[in-house]
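The values are calculated or read from the model by the stated rules, or taken from the named source; none is laboratory data. Predicted, not measured: the structure shown is a model, and the values here were computed from it. Note that we place each Cβ from the backbone using ideal geometry, even for glycine, and neighbour counts take in every protein chain shown. These area figures cover heavy atoms from the full protein model, side chains too; ligands, DNA and RNA do not enter into them. Shrake-Rupley method; radii C 1.70, N 1.55, O 1.52, S 1.80 Å.
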Amino acid sequence: MQPVQKLIGMNIKLARMKRSISQAELAEKIGIEASYLSRIERAVVPVSCERVYEIIHVLGCQPSEIFPEPFEVETKLNREK
């Protein structure tokens, strides 16, 4: 299991690359800097739900392609001690 932010970032990158869209192109379409998108994809900064849905819209993908399954996500309720 991994933190949700890391999984979402990885899934955004995978969906973007699958569609052969550069970071710069996606960033421009959603109104952010490419360096900020890079930080989102690497889970360095958190991403808002609104921004995720903008990305989904631009990429033309399903939310399930970006949002991980609950069993994949590490939370404080299931974190190993």
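General observations
- Residues of the stretch 27-44 that are of a type outside the set (D, E, K, R), within 26 Å of T75 (Cα to Cα) and surrounded by 13 or more Cβ atoms within 10 Å (Cβ to Cβ): Y36, L37, S38, I40, A43.
- Filter result for A24 (open to solvent by less than 70 Å² (accessible area, probe 1.4 Å) and over 11 Å from the mean Cα position of the chain (by Cα)): yes
- Just one of the listed residues (E74, E33, E28) is of a type in the set (D, E), within 16 Å of V4 (Cβ to Cβ) and out of contact with any Ser or Thr (no Cβ under 9 Å at 6 or more places or on another chain), and it is E74.
- Leading residue by the ranking (farthest from P70 (Cα to Cα)) among those in the stretch 1-21 that are open to solvent by 90 Å² or more (accessible area, probe 1.4 Å) and at pLDDT below 95: K6
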